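Reading through the structure tokens given below for one structure.
The values are calculated or read from the model by the stated rules, or taken from the named source; none is laboratory data. Just so it is clear, the model here is predicted, and its values are computed rather than measured. When we count neighbours, we look across all protein chains shown, and the Cβ atoms used for this are built from the backbone with ideal geometry, even at glycine.
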Amino acid sequence: MSAMPPIPPAATSMPPPPAAHGHIPNYLAWSIISTVLATCLCCPLGLIGIVAIVFSSQVNGKLNQGDIEGARRASANAKTWCWVATAFAIIGLLINIVMLATGGMQTYIEMMQQYQ
């Protein structure tokens with residue numbers, strides 16, 4: 001009888017340790033803040049930031065499942081949608097500043113009455 005070498009445990013059944021994939025940001029705080037600001041300052045289009053919140057919330061779940069590439073994609077998508085929501089917030093802020101600097105809504109109403 002020959003001695004059989006021991007069978008090594010399956011290394012592929014375990015997800016990689018967290019240090020193996022580095023830090024993958026989820027951008028959850030940024031997505032929430034930019035969505036709230038964009039909605040308050042701009043218009044209902046600011047609610048598009050909800051897409052950023054959804055992608056942000058997917059990052060940690062995918063990391064826990066061991067789906068490193070999926071977590072990276074979700075993180076990149078979250079960052080993109082955070083920038084979109086932030087752009088809406090900045091545009092809304094600029095519109096509000098211009099409206100206040102030019103006399104606000106009352107000046108607009110008076111101007112429209114003059115045209116009629």
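Miscellaneous remarks
Residue by residue, here is whether (1) charged (D, E, K, R); (2) on the phi < 0 side of the Ramachandran plot; (3) in a helix (DSSP H, G or I); (4) at pLDDT 95 or above holds:
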site: 16; (1), (2), (3), (4): no, yes, no, no
site: 19; (1), (2), (3), (4): no, yes, yes, no
site: 23; (1), (2), (3), (4): no, yes, no, no
site: 37; (1), (2), (3), (4): no, yes, yes, no
site: 40; (1), (2), (3), (4): no, yes, yes, no
site: 46; (1), (2), (3), (4): no, yes, yes, no
site: 54; (1), (2), (3), (4): no, yes, yes, yes
site: 60; (1), (2), (3), (4): no, yes, yes, no
site: 63; (1), (2), (3), (4): no, yes, yes, no
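- Here 78, 71 are screened, and the one residue that is assigned to a helix (DSSP H, G or I), touching a residue at least 40 places away in the same chain (Cβ under 8 Å), within 12 Å of the chain's Cα centre (by Cα) and surrounded by 18 or more Cβ atoms within 10 Å (Cβ to Cβ) is 78.
- Tallying residues that are touching a helix residue (DSSP H, G or I) at 6+ places or on another chain (Cβ under 8 Å) and more than 20 Å from residue 44 (Cα to Cα) within region 83-101 yields 0.
- Residue count for region 39-57, restricted to those that are surrounded by fewer than 20 Cβ atoms within 10 Å (Cβ to Cβ) and out of contact with any Ser or Thr (no Cβ under 9 Å at 6 or more places or on another chain): 4.
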